[in-house]
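Single-structure report; data block below.
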Amino acid sequence: MSSSLMPTPRLDQGSPETMRQNIRKYFTETWEIYEELFEVLDCDEAYFAKADPLRHPLIFYLGHTATFFINKMVLAKVISERVNPLLESIFAVGVDEMSWDDLSDKNYEWPTVAEAWEYRKQARAVVEQAIDEIPLNMPIQWNDPFWVIIMGIEHERIHLETSSVLMRQLPLEMVRSVERFPLCENSGDAPANEMLVVEEGVVVQGLPDNHSFYGWDNEYGHLKSEVSAFKATRYLVSNDEFEGFVKAGGYQTEKYWTEEGWAWKIYSKAEFPTFWVKTGEKSYKLRCLAEEIDMPKDWPAEVNYLEAKAFCSWKAETTGQPVRLPTEAEWYRILESSTLDGKEHWTGHKANINLAQGASSCPVNENKQGDFFDVVGNVWQWTETPISGFPGFKVHPLYDDFSTPTFDTRHNILKGGSWISAGNEANPFSRYAFRRHFFQHAGFRYIESEAEVTISDDIYETDELVGQYCEFHFGQEYYGVPNFPKATAEICGELMKGRSFKRALDLGCATGRSTFELARFFDHVTGIDFSARFIRVGHDMQNKGRIKYAIPSEGQLVSYHEKNLEEFGLVGTENKVEFWQGDAHNLKPQFDNYDLVLACNLVDRLYSPAKFLEHIAGRINKGGLLVLMSPYTWLEEFTPLENWLGGRKVDGENRTTLDGFHRELEPEFRLLGEPRDVPFVIRETARKFQHTLSQMTVWEKLK
């Protein structure tokens, strides 16, 4: 039988040396169990097969978790050198099907399996050295260097689970059973489900800033909800109970499905859950991690949200009761009605979680928790609640794309964890969300409630910094200063006369106005920004033709704004642009062969601007232009003093940033004309503005 994994450690107890040892142990166990999971793959071909068309092949995930450590440690200035820049660009981003994720194999030259394993070996040594050497002060809080180490460990535990889901979707001939991941051997007749009353109550969610355990950004804040009484099923919905929906023609009956759900059903041609394998007219097997077994009727049905929602609609029709999925707050009321304490982690409780009971689901009537079963564990449970931040939410500066890209009303929260959920996932306060058509080890329980659930699919961007940049790019002009992204693009258009207008790169594109403006002149424009929060705005403008955002007026008061491409005369440019998340220091190989690269207000915010200039030079065609714009506000917060290109004394002499540009770019580039200042105004509140001059220098590629 599989044994439990070490739980996520408390970060506020013990001596620094004891904590260092605990984190080293936590890292080692996590790293090794993740690598043991890949022993399920029986051949090299399995690493490159697309188990799911909306996910990368598993070779990506083998390298991704190691790359995550390196990328975040570089960002946190824990280390200064990369292990393998090429692999760290390939393995950096591409986990959820966001538009800035690149899931096209034509853009990747994947390393060999041996090369990926060797990279993991090298990365592990770097992480272990950091754990042994970087300063550790107690308690560990989210601005401490060690927080990024815990972040990497928890991130790998997430992918322990998501990678196991992909392995379940590979052909059987590509996988094998391994001793470390045994299946549950218990199964029998499914119990008849029944409804239990859950009394009304108040639910308080959100972690304080000084919480004892590691948390992801969306778990902090404070939300108080009053929940009306409802009834909930004693058990998770079993395969046997869900089969009633299948036999009743549920997958062929459009009225049971939401519009989104029916569109997915038609696209996927689904006739039953994805992990069911049809073996006869009315018989099925169940695909587990590496084998197919006779259908365990009493194990939980594993489905996506859309299937669970359709089941509830069918159940409501057949019972005449208001059946639906629980909200996140209602799930907490079920938790509070169980025997689980709900305060820290669930290790030690009777629950199929954290690999404590094997590497599969188990019967829905095996783990009793109060009057309910499987409030925690077995499979994740879908809720009606799309994820968003609690009041007081703020992004972590080292991982601003963990949560905010999912705040789009299209990612629904799952609660309770599955048999392989470990670390932060196995905590009651954990908040994970997936697209409604995605598959995890996820099922559901349903409730009966008269309380309506209203979900808006038309939301305003309320992230304060993102809203500020939306206004900067798409809002009104202030104090007679022309719109900066538009003015910059127009200057670039003038500079390019007589040159090729095929491809342009807008690097540090923020919310994307300059990307669209450049598309007036160029055949194709790529907008790249490090922040997924910014990229999402450009993506929404491209795909919806409009954005909605809020900006501060004074104090807690905000004003709401809506902008669209038509009002800027940019309709048509959306077909010529693309937006990607990326690191200017280490772009993916396919970002190449540009006639113009615009790096706007970027160089003085880079860790190593000299390396950036060296890196970007090779991506510009001969005769192409590199346009650098910056107010030269060098700060050690972003760039170590020794890496400043200018604004400091070197050997007793003043060195300006322009001097630094000449040193780094010549003789491969030559300066065209004289530098010019381009003004811009950023609105902070109704009565506070930043007025800045960004100096533009234009460099022609000679070689």
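The values are calculated or read from the model by the stated rules, or taken from the named source; none is laboratory data. Please read these numbers as outputs of a predicted model, since none were measured by experiment. All Cβ positions, glycine included, derive from the backbone under ideal geometry; neighbour counts span all protein chains shown.
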One residue from Ile70, Ile90 being without any contact (Cβ under 8 Å) to a residue 60 or more places away in the chain and crowded, with 20+ Cβ neighbours inside 10 Å = Ile70
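So that you can scan it fast, the table gives a plain yes or no per residue for (1) modelled with pLDDT under 95; (2) of a type in the set (Phe, Trp, Tyr); (3) in a loop (DSSP other than H, G, I, E, B); (4) touching a strand residue (DSSP E or B) at 6+ places or on another chain (Cβ under 9 Å):
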{"site": "Arg124", "(1), (2), (3), (4)": "no, no, no, no"}
{"site": "Met138", "(1), (2), (3), (4)": "no, no, yes, no"}
{"site": "Ile149", "(1), (2), (3), (4)": "no, no, no, no"}
{"site": "Glu154", "(1), (2), (3), (4)": "no, no, no, no"}
{"site": "Leu166", "(1), (2), (3), (4)": "no, no, no, no"}
{"site": "Ser177", "(1), (2), (3), (4)": "no, no, yes, no"}
{"site": "Phe181", "(1), (2), (3), (4)": "no, yes, yes, no"}
{"site": "Leu196", "(1), (2), (3), (4)": "no, no, no, yes"}
Are any residues in region 198-227 within 16 Å of Arg431 (Cα to Cα), part of a strand (DSSP E or B) and polar (S, T, N, Q), and if so, which ones?
-> Gln205
Residue identified as free of Cβ contacts under 8 Å to residues at least 60 places away in the same chain and either on the phi > 0 side of the Ramachandran plot or outside the structural domain of Ser164 (by TED's automatic domain parsing) (or both) among Arg435, Arg410 = Arg410
Flag if Arg431 is among the basic types (Lys, Arg), out of contact with any Phe, Trp or Tyr (no Cβ under 6 Å at 6 or more places or on another chain) and either under 21 Å from Tyr235 (Cα atoms) or at pLDDT 95 or above (or both) = yes
Mind listing just one residue for me: the one in region 691-703 that is at pLDDT 95 or above and not hydrophobic (A, V, I, L, M, F, W, C) and, of those, farthest from Lys611 (Cα to Cα)?
-> His691
Out of (1) assigned to a helix (DSSP H, G or I); (2) aromatic (Phe, Trp, Tyr); (3) within 20 Å of the chain's Cα centre (by Cα), the odd one out for Tyr469 is which?
-> (3)
Assess whether Asp42 counts as being modelled with pLDDT under 90 and not assigned by TED's automatic domain parsing to the domain that holds Ala290.
-> no
Would you check which residues across region 291-308 are in contact with a strand residue (DSSP E or B) (Cβ under 8 Å, 6 or more places away or on another chain) and crowded, with 23+ Cβ neighbours inside 10 Å and list them?
-> Pro296, Trp299, Pro300, Ala301, Glu302, Val303, Asn304, Tyr305, Ala308
Being in contact with a Phe, Trp or Tyr (Cβ under 9 Å, 6 or more places away or on another chain), in a helix (DSSP H, G or I) and not basic (Lys, Arg) is the filter here, so list the residues in region 502-523 that pass it.
-> Ser514, Thr515, Phe516, Glu517
Every residue from region 635-644 that is at pLDDT below 95 and in contact with a helix residue (DSSP H, G or I) (Cβ under 9 Å, 6 or more places away or on another chain) | Leu635, Phe638, Thr639, Asn643
Keeping to region 587-604, report how many residues are free of Cβ contacts under 8 Å to residues at least 60 places away in the same chain and either out of contact with any Ser or Thr (no Cβ under 7 Å at 6 or more places or on another chain) or part of a loop (DSSP other than H, G, I, E, B) (or both).
-> 1
Residue check: is Ser225 hydroxyl-bearing (Ser, Thr, Tyr), in contact with a strand residue (DSSP E or B) (Cβ under 9 Å, 6 or more places away or on another chain), surrounded by fewer than 20 Cβ atoms within 10 Å (Cβ to Cβ) and on the phi < 0 side of the Ramachandran plot?
-> yes
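Residues are listed down the side, and each one gets a yes or a no for (1) surrounded by fewer than 17 Cβ atoms within 10 Å (Cβ to Cβ); (2) without any contact (Cβ under 8 Å) to a residue 24 or more places away in the chain; (3) assigned to a loop (DSSP other than H, G, I, E, B):
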{"site": "Ile455", "(1), (2), (3)": "yes, no, yes"}
{"site": "Leu465", "(1), (2), (3)": "yes, no, no"}
{"site": "His473", "(1), (2), (3)": "no, no, no"}
{"site": "Ser500", "(1), (2), (3)": "yes, no, yes"}
For region 315-334 the number of residues that are surrounded by fewer than 21 Cβ atoms within 10 Å (Cβ to Cβ) and touching a Ser or Thr at 6+ places or on another chain (Cβ under 8 Å) is 2
List the pairs whose first member sits in region 356-367 and is without any contact (Cβ under 8 Å) to a residue 24 or more places away in the chain and not assigned by TED's automatic domain parsing to the domain that holds Glu161, whose second member is surrounded by fewer than 21 Cβ atoms within 10 Å (Cβ to Cβ) and in a loop (DSSP other than H, G, I, E, B), and whose Cβ atoms are under 6 Å apart, counting only residues at least 6 apart or on separate chains?
-> Asn367/Lys350
Of everything in region 73-87 that's closer than 14 Å to Ala130 by Cβ and aliphatic (A, V, I, L, M), which residue is surrounded by the most Cβ atoms within 10 Å (Cβ to Cβ)?
-> Met73
Name the single residue, out of those in region 629-658 being among the aliphatic types (A, V, I, L, M) and part of a loop (DSSP other than H, G, I, E, B), that is farthest from Met696 (Cα to Cα).
-> Leu635
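Yes/no per residue for (1) among the aromatic types (Phe, Trp, Tyr); (2) more than 22 Å from Met295 (Cα to Cα); (3) in a loop (DSSP other than H, G, I, E, B):
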residue	(1), (2), (3)
Pro363	no, no, yes
Phe390	yes, yes, yes
Ile420	no, no, yes
Phe429	yes, yes, yes
Phe439	yes, no, yes
Just to be sure, is Val198 under 30 Å from Ala46 (Cβ atoms), aliphatic (A, V, I, L, M) and either touching a residue at least 60 places away in the same chain (Cβ under 8 Å) or not assigned by TED's automatic domain parsing to the domain that holds Gln141 (or both)?
-> no
